[in-house]
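Input: a single structure, listed below in structure tokens.
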Amino acid sequence: MKNLIGFILLVAIGIAAYFLVIKEQKFTSINNDELRDFAIEDTAQVTKIFLSQPNGKKLLLTRIDSSAWLVNNSFEARTDAIELILKTLADIKVMGVVPEDQMNHTIKRLATGSTKVEFYTDNSTPDKTWYIGDATENRLGTYMLLEEEGIKSSKPYVTHLLMERGSLGSRFFLDALLWKDRVVMKCDPKQISSVEVKHTIDSSISFKIDQYQLGKFKLTNLNENITAELSPQIAVPYLKEFASVFYEYIDQKTSKESLDSVYSVLPRHSVVIKFNDSEEIVMKTYNMPIRKGAELDGKAITYHPERMYIYTSFLGRAAHPIVQNLTFDKLVPSLKQLTSSTTVEK
């Protein structure tokens, strides 16, 4: 008798568990209007990402090969920013449901102030569409709504990435300028035929390095027009510094009038890099003004001691990048600093 009762209880528990599973499957099914599967695990299949906002801003990211993407079919996207989006797409999880007392407000906010992100693979319609809203009050999650096959979920959810804090929305920015790689210039140092560095507003000695034969270099003192042989142990490591030069950020706040004033004076440094194919890149640095009355070690200063504006023909005149002296000064040493270098090619 006891065995029969135990058997009946076991069957009852199994039936209950079965219906619970069925219920959960209906809840997560794509045919249900409560969609919550935000992730695309195989992000290598994603070929296009389209971002838009209710204010009319739009941005298109298009894959051109396994690792490179174009922004608005115009220029190559920053690798780090693309990788962050794809990582988010693969790893995103649902943290929980939106509390009932916040549901209506969250839906309204998503309808009027969200960032819409459409992910495409090989289809003409998006595989998944995200509506990304605000971060939760504790900054641990992000309010989001999912759309698949043209059907929007009836409910938003709180999403997150495991072991990470903050709003996911900040990863999906629509300012095309911020999608540009933070590069002042890139080149193959082996293709450099000459580098000319002029110091225009200080007493440092200007110079020019010519690679007149593979692995053989001449150094010219431009102040005195004296030329001598330069050791490859000095020339090669120095030329390698030009392989990748990056800026810190783009100035988007300073007025046009103020920027015109910055670029209207003599540059602090002028650098011309010429290549074996006759191409050339020109870079010029300019002092960065600071507030009146600023001091450093008790002495009045008129420009920033740690940063400079830079113009580069690689980027053009539309951008106003700022570089750190710490990273850029190694490209513009004085002749004395260059020839006293103890750097040895490894």
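We did not get these values from a lab; they are worked out from the coordinates using the rules stated. Being a predicted model, the structure only gives us computed values, none of them experimental. Positions of Cβ are generated from backbone atoms using ideal geometry, with glycine treated the same way; all protein chains shown enter the neighbour counts.
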(request) For the chain, set up a Gaussian network in which alpha carbons nearer than 10 Å are linked by springs, and say which option among Thr43, Thr302, Thr121 fluctuates the most. (result) Thr302
(message) At 7 Å along Cα-to-Cβ for each site, give me the label-to-label distance between Ser170 and Ser74 in nm.
(response) 2.5
(request) Return the sequence-ordered ³J(HN,Hα) values of the stretch 302-313 in whole Hz as given by the Karplus equation 6.51 cos²θ - 1.76 cosθ + 1.60 applied to θ = phi - 60°, using x for Gly and Pro. (result) 10, 9, 5, x, 10, 9, 9, 6, 9, 9, 9, 5
(message) Give me the extension gain from Phe50 to Ser340: residue separation times 0.36 nm, minus the current Cα-Cα distance, reported in nm with one decimal.
(response) 99.1 nm
(message) If I take R0 = 25 Å and measure r between the Cβ atoms of Asp42 and Leu140 in this structure, what FRET efficiency does the formula 1/(1 + (r/R0)^6) give, to the nearest 0.05?
(response) 0.35
(request) Name the residues whose placed amide hydrogens come within less than 5 Å of the amide hydrogen of Met185, ignoring near sequence neighbours (fewer than 5 apart) on the same chain. (result) Val245
(message) So for the stretch 32-179, considering every pair of alpha-carbon atoms, how many percent are separated by more than 25 Å?
(response) 24
(request) Amide H neighbours of Val98 under 5 Å, at least 5 residues apart or on other chains, H built in the peptide plane: list them. (result) Val158
(message) Contact order normalised by length for the chain, with contacts defined as Cα pairs under 8 Å and 6 or more residues apart; what percent is it?
(response) 13
(message) Just to confirm the filter: which GluC sites (Glu not before Pro) across the stretch 115-150 are DSSP coil and have at most 16 other Cβ within 10 angstrom of their Cβ?
(response) Glu137, Glu149
(message) Cα atoms only: what Rg and Dmax, in Å, come out for the chain?
(response) 29.2, 112
(message) Below 16 Å, Cα to Cα, which aspartates and glutamates can Lys274 reach? Residues fewer than 8 away in the same chain don't count.
(response) Asp188, Glu196, Asp210, Glu241
(request) Please work out how much length the chain gains when fully extended from Ser313 to Lys330, using 0.36 nm per residue of separation minus the C-alpha to C-alpha distance, in nm with one decimal. (result) 4.2 nm
(request) Over 18 Å between C-alpha atoms is what I'm after, so list which of Lys93/Lys128; Lys198/Lys299; Lys58/Lys253; Lys58/Lys152; Lys218/Lys336; Lys240/Lys330 land there. (result) Lys198/Lys299; Lys58/Lys253; Lys58/Lys152
(request) Compute the whole-percent fraction of alpha carbon pairs in the stretch 183-339 spaced more than 28 Å apart. (result) 24
